[in-house]
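Novice: This is the structure I have questions about; it appears just below.
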Amino acid sequence: MKSQVRARANIALVKYWGKADPELNIPAVGSISITLDRLWSDTEVEFDQALTGDTLLLDGGSRPEQLERVSRSLDLLRQRAGVDTYARVTSDNNFPTGVGLASSASGFAALTTAAAHALQLDLSPRELSIVARQGSGSAARSVFGGYVEMYAGSAADGRDSFAEPLLAADAWPLEVIIAITGRGEKKVGSRDGMERSASTSPYYPAWV
């Protein structure tokens, strides 16, 4: 019950911002992104009956503040598999974490896919995208390469809120240059930033 998966970060060309349903992580609007081949997360998930709780090691260090989100994502897959075994999650990014380069997108896409493989769940890419979305909204897009479209959907349970490939990477040979000017994490994460914008900006309803 062990698997390791590499998933890549993505950058939105048409960005979603804000949640229609924060509990299910359903975006307020759709989005289009490009997957970045050179930025990735390598994530290993091992389910072990000897564990008394899920554990997370991110970039070589313990990250208890991230563990709840990770466990919630694992729970979605444990329920599908009919197991209650806890997991040991080890994830490493080859780029700075939490600085605005979509590490949560690649991380949760890798987590979802690795956990599904470890549990021997035969999920379609669309199903993986739906589960990944509930960990991180943009992770739904990182399940795929190239150009990806994310649908906000309208179903209350989020079943039509998923991403799918739009164009292959070579269909539009766009190159993205990333200059890393600092490795410190953002003071305000994307999730909190979205909530602040939605609740305080007079322009937000018109933008949606």
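Novice: Right, residue 45: under 14 Å from the mean Cα position of the chain (by Cα) and either open to solvent by 20 Å² or more (accessible area, probe 1.4 Å) or not small (Gly, Ala, Ser) (or both) or not?
Specialist: Against the criterion (under 14 Å from the mean Cα position of the chain (by Cα) and either open to solvent by 20 Å² or more (accessible area, probe 1.4 Å) or not small (Gly, Ala, Ser) (or both)), residue 45 does not qualify.
Novice: Could you list all residues from region 158-170 that are open to solvent by less than 90 Å² (accessible area, probe 1.4 Å) and more than 14 Å from residue 33 (Cα to Cα)?
Specialist: Passing the criteria: 158, 160, 161.
Novice: Scan (1) touching a helix residue (DSSP H, G or I) at 6+ places or on another chain (Cβ under 8 Å); (2) open to solvent by 80 Å² or more (accessible area, probe 1.4 Å); (3) modelled with pLDDT under 95 for the single condition residue 120 breaks and write down its number.
Specialist: (3)
Novice: If a residue has to be in contact (Cβ under 8 Å) with a residue 24 or more places away in the chain and open to solvent by 70 Å² or more (accessible area, probe 1.4 Å) to count, how many in region 179-203 make the cut? Let's see the steps before the verdict.
Specialist: Quick first cut of region 179-203, residues in contact (Cβ under 8 Å) with a residue 24 or more places away in the chain only: 180, 182-186, 189-190, 194-195, 197-198.
Checking the rest, the ones that are also open to solvent by 70 Å² or more (accessible area, probe 1.4 Å) come to 180, 183, 185-186, 195.
Residues meeting the conditions: 5.
Novice: May I ask you to verify whether residue 27 is open to solvent by 50 Å² or more (accessible area, probe 1.4 Å) and touching a residue at least 40 places away in the same chain (Cβ under 8 Å)?
Specialist: So residue 27 does not fit the description; no.
Novice: Yes or no: region 124-135 includes at least one residue that is under 23 Å from residue 103 (Cβ atoms), open to solvent by less than 10 Å² (accessible area, probe 1.4 Å) and part of a loop (DSSP other than H, G, I, E, B).
Specialist: Taking every residue of region 124-135 in turn, none turns out to be under 23 Å from residue 103 (Cβ atoms), open to solvent by less than 10 Å² (accessible area, probe 1.4 Å) and part of a loop (DSSP other than H, G, I, E, B).
Novice: So, in region 1-23, how many residues would count as being surrounded by fewer than 19 Cβ atoms within 10 Å (Cβ to Cβ) and under 14 Å from the mean Cα position of the chain (by Cα)?
Specialist: Number satisfying all stated conditions: 3.
Each row is one residue, and each column tells you yes or no for (1) assigned to a helix (DSSP H, G or I); (2) open to solvent by less than 20 Å² (accessible area, probe 1.4 Å); (3) in contact (Cβ under 8 Å) with a residue 24 or more places away in the chain.
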{"position": "74", "(1), (2), (3)": "yes, yes, yes"}
{"position": "80", "(1), (2), (3)": "yes, no, yes"}
{"position": "83", "(1), (2), (3)": "no, no, yes"}
{"position": "91", "(1), (2), (3)": "no, yes, yes"}
{"position": "95", "(1), (2), (3)": "no, yes, yes"}
{"position": "101", "(1), (2), (3)": "no, no, yes"}
{"position": "104", "(1), (2), (3)": "yes, no, yes"}
{"position": "109", "(1), (2), (3)": "yes, yes, yes"}
{"position": "115", "(1), (2), (3)": "yes, yes, yes"}
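Novice: Scan region 55-78 for residues that are over 16 Å from residue 134 (Cβ atoms) and among the hydroxyl-bearing types (Ser, Thr, Tyr) and jot them down.
Specialist: Matches in region 55-78: 55, 62.
Novice: Where residues in region 35-72 are among the acidic types (Asp, Glu) and in a strand (DSSP E or B), which of them is modelled with the lowest pLDDT?
Specialist: Per the criteria, the residue is 37.
The values are calculated or read from the model by the stated rules, or taken from the named source; none is laboratory data. Only a predicted model underlies this, so the values are computations on that prediction, with no experimental measurement involved. So basically every Cβ, Gly included, is an ideal-geometry build from the backbone, and we count neighbours across all protein chains shown. Ligands, DNA and RNA are excluded from the accessible area calculation, which covers all protein heavy atoms including side chains. Shrake-Rupley method; radii C 1.70, N 1.55, O 1.52, S 1.80 Å.
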